[in-house]
Amino acid sequence: MTDGSLHPVFRSAEKSDIPRLKRLWLDCFDDSPDAVDLFFERNIFGDSYSSGCRAYVAVLGDEAVAAVYLIVCSLNGERGHYMCGVATDERFRSRGIMRGLIGFALDRARHLGERFSLLFPSGDSLYDYYARLGYREGCTARCVIVEREGSFEKPPCATADLSGLQSACPAKNILIWKNDFIRFAADYYACYGAKTLSSPDAFAVLEADGEEANVIFALYRGIDSLKSLIFGSGDIKRFRLTGSSLDPLFKGAESFRYGMVKPLLQAMPSDNIYIGITLA
């Protein structure tokens, strides 16, 4: 059995850690095994900005007891990452292990030239925890309800130009993701019944519940392109859209906190950052 009195060793995750990391993720989050398997199958870990995803672990003895994952992204042309999967074995919580591991991961991020760290706390109580680590509530979002207008034909299935759609975002302060991560995230949510819609001018991931649907994530060249895509998806009458507080589509809607941000190599990024799509 692992000796809990040992000081943890912080390091990059290795392939041999993956079975343990899967168990740790499932123990800490209400995720499906299929979704967790997909995360480890589709995200190739490395220790560079170009790797797409980096995983760091805290090891006691010969056992990984905590882990964090950094998904690379950019914001207003600057390098950064989205931190997710922050998990500690319940036997070793409240010992400062995660604080040390996050510090280690952020030091590596600075070394790689990343200028900010973002995350989405998995519960409201965790906002205070991350605030003590230097994060603040600089991320926001707004929601609007869009009602079906008239009749729309189902658009032809087409592969969206994700890079082009991200470049056409109607506001600054929106995270720009690697295309592979967006495709993975869509498949991740499909494990929970979400549906992906795609056309040359719009891309959306939505969860339908009867005549209503929650649009988890959307990219589009214009609101008419998005409406054409989602209105042609079936008999859904109302769509709940979540987006950037700076997007004119959401003007007048109430803004709410939607994650946290911490500067790494420069002054704090501006407020009203929109993360877009989140994982655990």
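Numerical summary
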{"quantity": "Breaking point among (1) touching a strand residue (DSSP E or B) at 6+ places or on another chain (Cβ under 9 Å); (2) touching a residue at least 12 places away in the same chain (Cβ under 8 Å); (3) surrounded by fewer than 17 Cβ atoms within 10 Å (Cβ to Cβ), for Ser117", "calculated": "(3)"}
{"quantity": "Sole exception among (1) modelled with pLDDT under 95; (2) within 17 Å of Tyr69 (Cβ to Cβ); (3) surrounded by fewer than 20 Cβ atoms within 10 Å (Cβ to Cβ) for Ser163, by number", "calculated": "(2)"}
{"quantity": "Residue in the stretch 240-256 that is in contact (Cβ under 8 Å) with a residue 40 or more places away in the chain, closer than 14 Å to Asn76 by Cβ and polar (S, T, N, Q) present", "calculated": "yes"}
{"quantity": "Residues of the stretch 97-134 classified as in a loop (DSSP other than H, G, I, E, B) and more than 17 Å from Cys28 (Cα to Cα), total", "calculated": "7"}
{"quantity": "Condition met for Glu207 (within 19 Å of the chain's Cα centre (by Cα) and not aromatic (Phe, Trp, Tyr))", "calculated": "yes"}
{"quantity": "In the stretch 25-71, the residues that are free of Cβ contacts under 8 Å to residues at least 24 places away in the same chain and among the β-branched types (Val, Ile, Thr)", "calculated": "Val36, Ile44"}
{"quantity": "Condition met for Ile230 (assigned to a helix (DSSP H, G or I) and within 19 Å of the chain's Cα centre (by Cα))", "calculated": "no"}
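The values are calculated or read from the model by the stated rules, or taken from the named source; none is laboratory data. Note that the coordinates shown come from a computational prediction; the quantities given were computed from them, not determined experimentally. Heads up, the Cβs are rebuilt from the backbone with ideal geometry, glycines too, and the neighbour counts pull from every protein chain shown.
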